[in-house]
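**Q** To start, I am sharing the structure in question, which I have written as structure tokens.
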Amino acid sequence: MLSVLYVVDVDQYFGSPNELLVLLKAFQKQNQIRPVVLTAISGPLNKRLNNLGIENHVIGRVGWYVGTDRKWKKLVKRLATPFFYCIFKYQLFAAIRHSAAVVDFSKIDLIHTNVSINPLGAYLAAKYHLPHIWHLRETFTTSNLFFTVPGHAIDFMRSHANRFVAISKYVANSWQTLGLPADKICQIADGIDSVRITDVDRKHPSTADLKIVQIGSISDFKGQVRLIRALALLPEKVRKNFQVDFIGDGDSSYINQLKSLITQEKMADICHFRGYVANAMTHLQDYQVGIVSSPEGFGLTTVEYMMAGLIVVAENSGANGELISDGHNGILYSAGSVSDLAMKLNFLVEQPEKMRNLAYRATKESVSRYDINKTASEILTLYADLLSDKEKRQNK
């Protein structure tokens, strides 16, 4: 049985830690991996790992990404780089020392870093001469990448990973553009426990009551405002067919701006903010349409919509076009275009006979391509390849 050390960053609520947990559950069923997880902070992920009987330790944060798109903040942070670097080095020293105290590295076969912005796994792999996999789940630009590390971060990543795992072609291309070598990047999509989502009592769509859901943080990036403005463009007789739920939380001032827009457009009777909902995906059977209005690196929520039999209406940006074939298993609208989104929403009302086929193909194809068992198998193959390469080098 392989022993794999996983390194997790601060986030314990959203995509990357949840995806790791789903992967470890799949490995647990197969009884092929003995995982050990290092987290930056103590939180709900640790509790869930404890419930699964998975060894985990809180090591402390070792983040090297301090990014911003605001010019004045960029200047301040660049000037403060020596200060940030000192903090980084202290955190790194403490984390390596703590790791050595709680983990028996003689029994670890390889290290898998779960997120690109935490370099602890890279340093541990170098110290203990272990293969290292770096998971690429985010996209960056050269203008907001790794202010806290002197020198070229890409050079460090290139020399401190045996393989990179990109969750989509979009993410892989983004990192290749920054300078990571294509021959070190393999594309493995995030996996989802399809049984948990597809085994629900679907409510069939009706043009008299089309329930729309948009799940995610309430933020300008996620684009809830575009859905509100698109609905406002529809004639009243079309708009009255929809009920819309926004599930998630965010900045209260931004949410208030959205609510003001909804009131201004006289849509308070159809648009509702439900706040954060635990296990939101278990409620997808209540909806017929899922909205994605942001350029996702992969789109876990998108695939979960599809697996649950929802019709996905997504912005044609990021990796959305890799998941959705327009008019075949979902609907794409032009990136940033409120008018095109409105036209696609109108299509749902005018062409109800096509909705069932879209939903059926979405479920069938998403389960085939993105079930967690497929992802787990691909990750296991990667582990085996790396260890085989290590053994060949040692025998030379």
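FYI, it's all coordinate maths here, none of it is from the lab. These figures come from a predicted structure and were not determined experimentally. Backbone-built Cβ (ideal geometry, glycine too); neighbour counts: all protein chains shown.
**Q** For region 2-60, what class follows from the C-alpha gyration tensor (a ≥ b ≥ c being the square roots of its eigenvalues): rounded when a/c is under 1.5, otherwise prolate if a/b is larger than b/c, else oblate?
**A** It is prolate, given that a/c is not under 1.5 and a/b is the larger ratio.
**Q** Could you sort the peptides 364-377, 106-119 by per-residue average Cβ neighbour count (10 Å cutoff), highest mean leading?
**A** Those peptides, ordered most packed to least, come out 106-119, 364-377.
**Q** Please work out whether region 307-372 counts as rounded, prolate or oblate from its C-alpha gyration tensor, where a ≥ b ≥ c are the square roots of the eigenvalues and a/c under 1.5 means rounded, while otherwise a/b larger than b/c means prolate and anything else oblate?
**A** Because a/c hits 1.5 or more and a/b fails to exceed b/c, region 307-372 counts as oblate.
**Q** For the chain, set up a GNM with springs between Cα atoms under 10 Å and report which of ARG137, ARG274, ARG229 has the largest fluctuation.
**A** Between ARG137, ARG274, ARG229, it is ARG274 that shows the largest mean-square fluctuation.
**Q** Another question about this same structure. Find the relative contact order for the chain and round it to a whole percent, using C-alpha pairs within less than 8 Å whose residues are 6+ positions apart.
**A** Computed value for the chain: 15 percent relative contact order.
**Q** Note down the relative contact order for region 291-395 as a percent, whole number, built from C-alpha pairs under 8 angstrom at least six residues apart.
**A** 25
**Q** Answer rounded, prolate or oblate for the chain, using the Cα gyration tensor with square roots of eigenvalues a ≥ b ≥ c: rounded when a/c is under 1.5, else prolate when a/b is larger than b/c, else oblate.
**A** Because a/c hits 1.5 or more and a/b exceeds b/c, the chain counts as prolate.
**Q** Let me ask something additional. From the cross-link list LYS211/LYS354; LYS222/LYS259; LYS89/LYS127; LYS222/LYS374; LYS237/LYS266, which pairs have alpha carbons spaced over 23 Å apart?
**A** Correct reply: LYS222/LYS374.
**Q** Points 7 angstrom from Cα along the Cβ direction at GLN30 and GLU236: gap in nanometres?
**A** The answer from the label model is 5.8 nm.
**Q** Out of region 232-307, which GluC sites (Glu not before Pro) are coil in DSSP terms and have no more than 16 other C-beta atoms within 10 Å?
**A** GLU265
**Q** What is the sum of charges, Lys and Arg at +1 and Asp and Glu at -1, for the other residues whose Cβ falls under 10 Å from the Cβ of GLY299?
**A** Around GLY299, the charge tally is -4.
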